[in-house]
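Inspection log for the structure reproduced underneath, given as structure tokens.
The values are calculated or read from the model by the stated rules, or taken from the named source; none is laboratory data. Keep in mind the model is a prediction, meaning the values are calculated, not measured. As a convention, Cβ positions derive from the backbone with ideal geometry for all residues, glycine included, and neighbour counts pool all protein chains shown. Accessible surface areas use protein heavy atoms only, side chains included; no ligands, DNA or RNA. Shrake-Rupley method; radii C 1.70, N 1.55, O 1.52, S 1.80 Å.
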Amino acid sequence: GFVTADRPGDWAQALMDLGATVCTPRSPACHVCPLQTHCAAFATGAPETYPRKAARPPKPQRFGACFVLSDAHGVLLRRRPEKGLLAAMLEPPGTDWRDRPFSPAEALAQAPVAAQDWRQAGVVRHVFTHFALEATIFTARTRKAQMAGSDCRWAAAGNLDKEGLPTLMRKAAMRAGLL
């Protein structure tokens, strides 16, 4: 064979050198390759199409809703839990994310303030490392600043771009017309 007992590393080095100089992915030099007669890629007649990348499986789809509540001075924001995705970052309050879409009634049942005139402002999509999220944005205005839990606070509308919102939440604020 090609591998000798006294210098087995030479075979590995030779293959690496061959791959770096002759058998390159974009333009292989098959006419000078000493392994051409043993090459499955050359036998196909299209060696430049190898190596082929495996198709990535589609990312799982998740669904949620964000509630952008504003008053004359600001926007209600909530701090996310200390652990998990987007840990400790600010966001407009929202639903959990799940595998199936929320009906408007299901989503609004989780609104931070129930007695508001919520309206749909559209959908934002965001792709995370392991899944894609589609979030329906609901907006409402209130005359009186109301709190909706100890993890919420009001942020000045003019300073919203300085709040360090994650990209998904910036998209939500943009969809709501606040950025």
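Taking the charge dipole of the chain about its Cα centre, with +1 at Lys and Arg Cβ atoms and -1 at Asp and Glu Cβ atoms, the residue from 72, 84, 154 reaching farthest to the positive side is 72. Restricting to Cα pairs below 8 Å that are 6+ residues apart, what does the relative contact order work out to for the chain? Please round to a whole percent. Averaging sequence separation for qualifying contacts and normalising by length gives 23 percent for the chain.
Using the average count of surrounding beta-carbon atoms within 10 Å as a protection proxy, the listed peptides 2-8, 86-92 rank, highest first, as 86-92, 2-8. Put simply, when 43-49, 67-73, 23-29 are sorted by average Cβ atoms within 10 angstrom per residue, most first, you get 67-73, 23-29, 43-49. For residue 123, the amide hydrogen comes within under 5 Å of the amide hydrogens of 137, counting only partners 5 or more places away or on other chains and with H modelled in the peptide plane. For the pair residue 30 and residue 4, a Förster radius of 35 Å applied to the C-beta separation gives a FRET efficiency near 0.85, rounded to the nearest 0.05. Estimated at the nearest 10 Å², the accessible area of residue 162 is 150 Å² with a 1.4 Å probe.
Extension gain, residue 48-residue 18: 0.36 nm per intervening residue step, less the Cα-Cα distance, totals 9.3 nm. Each part gets one Cα centre, and for segment 17-35 versus segment 162-179 those centres are 50 Å apart. Within the accessible area of segment 1-104, the carbon and sulfur atoms contribute 59%, probe 1.4 Å, all protein chains present.
Grab the beta carbon distance between residue 161 and residue 87, set R0 = 25 Å, and tell me the FRET efficiency rounded to 0.05. That pair, residue 161 with residue 87, gives E of 0.70.
Along segment 101-106 the Karplus relation, 6.51 cos²θ - 1.76 cosθ + 1.60 evaluated at θ = phi - 60°, assigns HN-Hα couplings of x, 8, 6, x, 5, 4 Hz to successive residues, with x for each Gly and Pro. Simple spin-label estimate for residue 59 and residue 125 gives 1.1 nm between the two label positions (7 Å along the Cα-to-Cβ direction from each Cα).
Note on the chain: the C-alpha convex hull projects to 17.3 nm² when averaged across all orientations. Sorting 97-108, 166-177 by their mean Cβ neighbour count within 10 Å, with the most densely packed peptide first, gives 166-177, 97-108.
Considering only DSSP beta bridges with both partners in the chain, what is the antiparallel share in %, to the nearest 5? Counting DSSP beta bridges with both partners in the chain, the antiparallel share is about 65 percent.
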